[in-house]
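Reading through the structure tokens given below for one structure.
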């Protein structure tokens with residue numbers, strides 16, 4: 001079966017299982033919501049109305065006393081308005097009550113409140129007849145008893161409502177517990193089958209991809225030794241077979257590349273070395289016989305051969321770096337010594353061009369792990385470029401600084417600088433900042449490749465007409481490695 005079909009079937013099974021679980025969960029949640037809605041839409045408003053009615057009865061008793069004592073019609077009118085609103089609230093409260101205890105207490109409250117209103121009306125009639133004492137006795141006796149009876153009935157309603165609320169909450173909690181238990185059981189039971197199928201498919205895919213990943217890693221590291229064992233007919237198996245073919249082709253390409261480098265090094269460098277040696281002997285012979293013209297021709301031949309050899313070396317270095325065919329042979333070295341050696345090589349050129357070259361250092365430990373010849377080429381390329389684009393009388397400053405975890409080398413000149421639009425691609429191969437000039441355009445690309453091969457970085461800042469500064473940052477060597485290297489050298 002193709003991998004796509006396997007994944008589709010497992011995915012469809014998982015989706016169906018999850019959809020069924022979701023539907024079941026929604027149904028059970030709906031029941032729980034219905035139970036909670038009963039509490040929210042009945043018990044809570046009922047309790048709120050009961051509290052308001054008790055406060056209203058208290059207020060009516062106080063208004064009754066003021067109206068009776070002061071015989072103020074405003075208080076009497078206010079009492080009548082509040083009593084009417086309390087009566088309507090009592091009627092509204094009846095719509096929220098369900099239990100028999102609540103309805104019985106509600107009936108008592110209505111009767112008691114109606115009696116209370118009747119007594120108050122009788123008080124007003126007695127006051128109107130001038131029988132204030134009889135009205136006061138009525139207020140302190142039957143009227144007060146009716147008001148207290150109303151409050152007692154409201155308290156009974158509240159007790160019954162709270163009892164019903166507690167019972168409803170208990171039922172809701174029980175339903176919630178049953179809901180979660182049922183949903184959990186359904187979810188676990190439904191996912192077991194889907195997970196089993198998914199786990200089997202994932203295990204087989206992970207095992208195949210793991211072997212392929214390990215083989216890819218070993219191939220990239222250069223430690224791959226043989227073909228990958230492949231079984232099956234799915235896409236991963238086809239990918240494994242394609243990987244084996246690719247690895248064999250890469251191995252053949254690598255072999256051909258190594259042969260090419262070996263042949264080019266031998267076939268180009270040796271003849272150029274012979275040309276240089278012959279040109280040097282011609283210069284010596286011409287100087288001996290005093291033939292200045294012949295000496296000049298021999299010098300041009302030697303200079304051209306030297307320049308061509310340098311170009312070939314740059315091309316070969318760049319090709320090796322791109323192919324990663326020659327990783328640096330890292331050993332403990334002192335970067336300050338490397339920089340000094342490179343500057344010594346360029347001393348004749350700087351003196352010929354009358355350009356001052358100086359070296360300054362900040363720190364005391366410039367140890368690192370690196371390939372000395374590669375780092376010498378880095379410094380030679382950077383300082384050589386600086387000398388090439390700096391006029392006579394200018395200066396090139398090399399500064400080496402020790403930082404906590406790295407070394408920083410800055411090569412700064414007082415030359416022509418680099419145009420701003422050329423800075424972004426200055427380290428790209430075959431790019432020259434000042435247009436077509438002599439050379440391959442690979443010098444800075446080689447510098448970047450060699451620095452990065454040592455785990456470092458290179459950057460540039462420049463101002464046209466003022467000069468440029470190239471900064472190389474390379475990690476320092478751990479102290480233990482440096483000590484071990486020094487011990488090995490001493491031995």
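Observations on the structure shown:
- Flag if residue 98 is in contact (Cβ under 8 Å) with a residue 40 or more places away in the chain, outside any helix (DSSP H, G or I) and surrounded by fewer than 18 Cβ atoms within 10 Å (Cβ to Cβ): yes
- Residues in segment 160-200 that are under 30 Å from residue 103 (Cα atoms) and either in contact (Cβ under 8 Å) with a residue 12 or more places away in the chain or in contact with a strand residue (DSSP E or B) (Cβ under 6 Å, 6 or more places away or on another chain) (or both): 160, 161, 162, 163, 164, 165, 168, 169, 171, 172, 175, 176.
- Long-range neighbours under 7 Å by Cβ, at least six apart or interchain, first residue loosely packed, with under 15 Cβ neighbours inside 10 Å within segment 284-299, second not in a loop (DSSP other than H, G, I, E, B): 287/295
- Of all residues in segment 297-330 being more than 17 Å from residue 376 (Cα to Cα) and in a loop (DSSP other than H, G, I, E, B), the one that is modelled with the lowest pLDDT: 325
- For residue 167, the stated conditions hold: it is over 30 Å from residue 235 (Cα atoms) and surrounded by 11 or more Cβ atoms within 10 Å (Cβ to Cβ).
- Hits in segment 266-279 (condition: modelled with pLDDT of 80 or more and touching a helix residue (DSSP H, G or I) at 6+ places or on another chain (Cβ under 6 Å)): 275, 279
Okay, residues lined up against (1) crowded, with 17+ Cβ neighbours inside 10 Å; (2) in contact with a helix residue (DSSP H, G or I) (Cβ under 9 Å, 6 or more places away or on another chain); (3) modelled with pLDDT of 80 or more:
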{"site": "144", "(1), (2), (3)": "no, yes, yes"}
{"site": "149", "(1), (2), (3)": "yes, yes, yes"}
{"site": "156", "(1), (2), (3)": "yes, yes, yes"}
{"site": "171", "(1), (2), (3)": "no, yes, no"}
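- Selection from segment 280-290 of residues that are outside any helix (DSSP H, G or I) and in contact with a helix residue (DSSP H, G or I) (Cβ under 8 Å, 6 or more places away or on another chain): none
- Hits in segment 205-244 (condition: loosely packed, with under 12 Cβ neighbours inside 10 Å and assigned to a loop (DSSP other than H, G, I, E, B)): 222, 223, 225, 226, 229, 231, 233
The values are calculated or read from the model by the stated rules, or taken from the named source; none is laboratory data. Keep in mind that what you see is a predicted model, and the values were worked out from it rather than measured. We place every Cβ from the backbone using ideal geometry, glycine too, and count neighbours over all the protein chains shown.
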